[in-house]
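The structure appears below as structure tokens.
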Amino acid sequence: MINLETPKKYRGFVKQVNEVATNFLRANSRTYDLAEHSYPKELDLLASLVDGMNESGQSKGAGAAGVRVKDDDKGGVKNGTNMSSVLSVIEMCWGDVGLLLSMPRQGLGNSAIASVANDEQLERFKDTWAAMAITEPSFGSDSAAIKTTAVKDGDEYILNGEKIFVTSGERADSVVVWATLDKSKGRAAIKSFVVPKSLPGIRVERLEHKLGIRASDTAVIVLEDCRVPAANLLGDPEIDTSKGFAGAMATFDNTRPLVAGMAVGCARAALELTRDLFTDAGIEIDYDRPAQSQSAAAATFLQMEADWEAAHLLTLSAAWMADNRKPNSLEASMAKAKAGRVGNQITLRCVELASTLGYSEVEFLEKWSRDSKILDIFEGTQQIQQLIVARRVLGLTSSQLK
Amino acid sequence: MARTDPMGVGLKVLNRLAQSSVIDRFGLRDATQKVVYHGARNGFKAAGTAQRTFTKVRSGGQGARPSTSAPTGVFDLTPTDDQQMMVEVVEEFAREVLRPGAESAEAVNDTPKEILGQTSDFGLSLINIPEDLGGLSQERSAVTGVLVAEALASGDMGQAVACLAPSAVATAIALWGTEGQQQTYLSAFAGDDVPAAALAVAEPRVLFDPFTLQTTARRSGAGYTLSGLKSGVVRGSEAELFVVAAEVEGRGPSMILVEASAAGVQVAEDPSMGLRAAGLSRLALDDVQVAEDAVLGSVEDYREMVRLSRLAWAGLALGTARTTLDYVKDYVTTREAFGEPVAYRQSVAFTVADMAIELEGMRLVTLRAASRVDQGLDAAREIALARKLTAEYGMKIGTDGVQMLGGHGFVKEHPVERWYRDLRAIGVMEGAVLV
């Protein structure tokens, strides 16, 4: 039966996460926006709280590892860990995107491990905080152009290369590094490795200064003859050219709804604050009267809220499909594309509507409109999402539609 | 899906369909040729050419009300088995009958009576009428209404509106009528010969707002005197019964039942940009006398009617937008320029991607709004957002649809120009349809 309300079984959980977001994230939001690169120590306490919730089952399976496909198929319609993870991310990013990204043991690398690790690896890496390292100085969207190499040597791989834009690269204790086993074999030869930062040969070169999400560290990581145990290779070590990129890319089907959720949470924060500021200023919004008969501000707000609602539901439906084992690559990209762009448009428009009040650091609107920009870029830019959607909708290959 | 759906509409519709000859589409195509052109006749004339007498039953008691479904609390995008079956039937009707007949229906500014007859054969106007009033439903469902509107409009929005117009009036009486109003009118909609009927809300002026009406009902004697001009009235010249939106003295904006035979009721055809098969008309009310019990529902019910009507328009937008997207997909992957299909170019492909993304987004928002109605939750916000999105992106899909075909999209050789004109109705129209 069609129903798009927040699942009943997660409503209490969402409320709890919102309280956490209010007290731990929003409360420290400006502090770490201004103090870029300083470690948000408040998050240690929060992380142990989250670990406790995970162990007691209170977390409803949400978090970076919630994207793992589990064998609990009892039939019927499921609302599972993909849904609870997305709901949790939305609330947390309503609090602060940068701080959510800095949550210990909740890195994108953790999602990658959860998506593709075997059971032994999952157990071995369960306590690690894993960052994700894909991008290199010479490429961005074109992940197949990876130059970082992994050469088998006995029970180890020797990794060499430079990775940029590694979120939590400094704070995490391991990095999931994407490297090629054989450059001549193309995409199929690209594998991911869990590289503990305690190993010799891996180092943080520098940290970036950024437009937004300043609470989160973005590192440049260099690998120089870094010897990684062969057992740390995630997924199949063989180069199967028939499978191409599928294995590594599976991570993205799972993480894109989460990034869409980040944009949805951030934009909701901006809409709510703008609505409050409007109410204080005596600007009313009526859902029944035609928008064009209301003030321009109200009409603009209605349009933003409508776009937000679409992004929100696209995000939840992509997660719902994952929970119900329906292939969701198309829907995940649709959600990311819509949420990424409207998240950015909404936050920027809210600054405009609030005039200098929105532009000033007195309110968070200017910060949210800086934070939102990255959400239309990382985990696949707007343009990459459109490419994926277009190829799927039109039934075209990557050589036909470049 | 193993769930047993309590609504039971789908099976009943299938049964009715099996008894009717709806799938004999060639017969229907012939029928469309017989309709007389009456588009350009201007000037007001008496309404209701086939006037019937509605035998008045006086009872002010609360009418029967369809129940709503119990919420499951589970996020779910799966229609019930009954909804799925119903949609498949209606989609087939849309594909085999409405779509091929769209051009000729548009040319005569009306929907053939045979097609309307087929929709009443399979019970389109009965979906929201409770079983004990001769209808088909044990539970009313706005989701079903939206899915049906979507499916019909995937064939042709103009004919879809014509087919749904009597249902709008029947649904309004089922939802908000008194016992007397239900007994007076609903049996006609449950019978073999469903009357043409129209829910007349819009008025022809800029920035029209259904909560600030110029049509008035002034107290006079034991009833009211109605005056005003309505627009967007579906098949006005054929209609036998109107539900008219008016500012009622001492009450505020409300619905009023007006029989076409009443003195002072006149209609004029009002051919518009699109929806031509819906036979859009104006309805002039010149000191029309109605009884006290002609008022249908409360002021709050009126507000609810405006919302549910907007929801139905959102559903219609989904169907036409989907058809436009499908057509464009086929075209751009086969049409060649510079030695390869135009779809190989990002500017074309990304436009199609955005059409697909916005359609999916507005569909989910519309379904959420409808499911809130079914669960008895306040849906004012969600319906407003669904209307906003379908008006904005429905039109964007319509205009991109023409754009992707270039000059070919502009000529009637392809249907995209009709869909473009039809999709402009979304956000403009009020009333006429209801879920």
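The values are calculated or read from the model by the stated rules, or taken from the named source; none is laboratory data. Remember, predicted model here, so these are calculated numbers, not experimental data. Neighbour counts run over all protein chains shown; Cβ positions are idealised from the backbone, glycine included.
If a residue counts only when it is within 16 Å of residue B:292 (Cα to Cα), which strands (runs of 3 or more DSSP E) contained entirely in the stretch B:166-249 have at least 1 such residues? Outline the logic, then answer.
Values: elements: B:197-200, B:216-220, B:223-233, B:241-248.
It comes to B:216-220, B:223-233, B:241-248.
In the stretch B:86-97, is there at least one residue being within 14 Å of chain A (Cβ to nearest Cβ) and either at pLDDT 95 or above or not in a loop (DSSP other than H, G, I, E, B) (or both)?
yes
Which of the residues that make up the stretch B:413-426 are within 14 Å of residue B:156 (Cβ to Cβ) and of a type in the set (D, E, K, R)? It would help to see each step written out before you state the result.
Step one: list which residues in the stretch B:413-426 are within 14 Å of residue B:156 (Cβ to Cβ), which gives B:415-423, B:425.
Result: B:417, B:418, B:421, B:422.
Determine whether residue B:345 is over 20 Å from residue B:71 (Cβ atoms), crowded, with 24+ Cβ neighbours inside 10 Å and out of contact with any Cys (no Cβ under 9 Å at 6 or more places or on another chain). Lay out the reasoning, then the answer.
Details: over 20 Å from residue B:71 (Cβ atoms): yes; crowded, with 24+ Cβ neighbours inside 10 Å: no; out of contact with any Cys (no Cβ under 9 Å at 6 or more places or on another chain): yes.
For residue B:345, the condition - over 20 Å from residue B:71 (Cβ atoms), crowded, with 24+ Cβ neighbours inside 10 Å and out of contact with any Cys (no Cβ under 9 Å at 6 or more places or on another chain) - is not met.
Which condition number in (1) out of contact with any Asp or Glu (no Cβ under 6 Å at 6 or more places or on another chain); (2) within 9 Å of another protein chain (Cβ to nearest Cβ); (3) in contact (Cβ under 8 Å) with a residue 40 or more places away in the chain is the one that residue A:395 fails?
Of (1) out of contact with any Asp or Glu (no Cβ under 6 Å at 6 or more places or on another chain); (2) within 9 Å of another protein chain (Cβ to nearest Cβ); (3) in contact (Cβ under 8 Å) with a residue 40 or more places away in the chain, only one is false for residue A:395: (3).
Can residue A:356 be described as farther than 28 Å from residue B:326 by Cα, crowded, with 22+ Cβ neighbours inside 10 Å and among the hydroxyl-bearing types (Ser, Thr, Tyr)? First the steps, then the outcome.
Values: farther than 28 Å from residue B:326 by Cα: yes; crowded, with 22+ Cβ neighbours inside 10 Å: no; among the hydroxyl-bearing types (Ser, Thr, Tyr): yes.
Criteria not met by residue A:356.
For the stretch B:371-401, give me each residue that is more than 11 Å from chain A (Cβ to nearest Cβ), surrounded by fewer than 22 Cβ atoms within 10 Å (Cβ to Cβ) and either farther than 26 Å from residue B:347 by Cβ or not charged (D, E, K, R) (or both).
Those that are more than 11 Å from chain A (Cβ to nearest Cβ), surrounded by fewer than 22 Cβ atoms within 10 Å (Cβ to Cβ) and either farther than 26 Å from residue B:347 by Cβ or not charged (D, E, K, R) (or both): B:376, B:395, B:399.
Take residue B:352 and tell me if it is more than 29 Å from residue A:301 (Cβ to Cβ), within 11 Å of chain A (Cβ to nearest Cβ) and assigned to a helix (DSSP H, G or I). Before you say what the answer is, go through the steps one by one.
Numbers: more than 29 Å from residue A:301 (Cβ to Cβ): yes; within 11 Å of chain A (Cβ to nearest Cβ): yes; assigned to a helix (DSSP H, G or I): yes.
Criteria met by residue B:352.
Among A:355, A:372, which is more than 9 Å from chain B (Cβ to nearest Cβ), under 16 Å from the mean Cα position of the chain (by Cα) and hydroxyl-bearing (Ser, Thr, Tyr)? Reasoning before the result, please.
On the way: A:355 fails: under 16 Å from the mean Cα position of the chain (by Cα).
The conditions single out A:372.
Pull out all pairs, ordered by first then second residue, where Cβ-Cβ is under 7 Å, the residues are six or more apart or on different chains, the first lies in the stretch A:377-388 and is within 13 Å of another protein chain (Cβ to nearest Cβ) and closer than 19 Å to residue B:347 by Cα, and the second is of a type in the set (A, V, I, L, M) and part of a helix (DSSP H, G or I).
Hits for this filter: A:382/A:337; A:385/A:337; A:386/A:337; A:386/B:353.
Go through (1) facing another protein chain (nearest Cβ under 9 Å); (2) over 24 Å from residue A:84 (Cβ atoms); (3) over 18 Å from the mean Cα position of the chain (by Cα) and name the single condition residue A:310 misses.
(2) is the only condition that residue A:310 fails.
Considering each of B:325, B:367, B:318 in turn, give the residue that is more than 7 Å from chain A (Cβ to nearest Cβ) and buried (at least 24 other Cβ atoms within 10 Å of the Cβ).
Numbers: B:325 fails: buried (at least 24 other Cβ atoms within 10 Å of the Cβ); B:367 fails: more than 7 Å from chain A (Cβ to nearest Cβ).
B:318 is the lone residue from the list that is more than 7 Å from chain A (Cβ to nearest Cβ) and buried (at least 24 other Cβ atoms within 10 Å of the Cβ).
Might you check whether a residue that is modelled with pLDDT of 95 or more and more than 14 Å from chain B (Cβ to nearest Cβ) occurs anywhere in the stretch A:239-253? Walk me through it before giving the result.
From the stretch A:239-253, those modelled with pLDDT of 95 or more are none; that's our starting set.
No, the stretch A:239-253 contains no residue that is modelled with pLDDT of 95 or more and more than 14 Å from chain B (Cβ to nearest Cβ).
Tell me, yes or no, whether the stretch A:337-344 has at least one residue that is within 8 Å of chain B (Cβ to nearest Cβ) and within 20 Å of residue A:249 (Cβ to Cβ).
Applying the first criterion (within 8 Å of chain B (Cβ to nearest Cβ)) to the stretch A:337-344 yields A:337-338.
Subsequent filtering for residues that are within 20 Å of residue A:249 (Cβ to Cβ) retains A:337.
Yes, the stretch A:337-344 has at least one match.
Going by what's in this entry, would residue A:284 be described as exposed (fewer than 15 other Cβ atoms within 10 Å of the Cβ), within 14 Å of chain B (Cβ to nearest Cβ) and not in a helix (DSSP H, G or I)?
Yes; evaluated as a whole, the condition is true for this residue.
If I go through the stretch B:274-312 residue by residue, how many of them are assigned to a loop (DSSP other than H, G, I, E, B), of a type outside the set (S, T, N, Q) and either over 17 Å from the mean Cα position of the chain (by Cα) or under 25 Å from residue A:287 (Cβ atoms) (or both)?
So in the stretch B:274-312, the residues assigned to a loop (DSSP other than H, G, I, E, B) come out as B:274-275, B:279-280, B:297-298.
Cutting the leftovers down to of a type outside the set (S, T, N, Q) gives us B:274-275, B:279-280, B:297.
Right, trim to either over 17 Å from the mean Cα position of the chain (by Cα) or under 25 Å from residue A:287 (Cβ atoms) (or both) and you get B:297.
The number of residues fulfilling the criteria is 1.
For residue A:171, state whether it is of a type in the set (Lys, Arg), part of a strand (DSSP E or B) and either touching a Lys or Arg at 6+ places or on another chain (Cβ under 7 Å) or not assigned by TED's automatic domain parsing to the domain that holds residue A:39 (or both). Steps first, please.
On the way: of a type in the set (Lys, Arg): yes; part of a strand (DSSP E or B): no; either touching a Lys or Arg at 6+ places or on another chain (Cβ under 7 Å) or not assigned by TED's automatic domain parsing to the domain that holds residue A:39 (or both): yes.
Here the answer is no, as residue A:171 does not meet what is asked.
For the stretch A:1-105, which helices (runs of 4 or more DSSP H) that fit wholly inside it have 3 or more residues that are within 14 Å of another protein chain (Cβ to nearest Cβ)? Outline the logic, then answer.
Values: elements: A:11-20, A:29-34, A:42-56, A:81-95, A:97-101.
Of the helices (runs of 4 or more DSSP H) lying wholly inside the stretch A:1-105, those with at least 3 residues that are within 14 Å of another protein chain (Cβ to nearest Cβ) span A:11-20, A:81-95.
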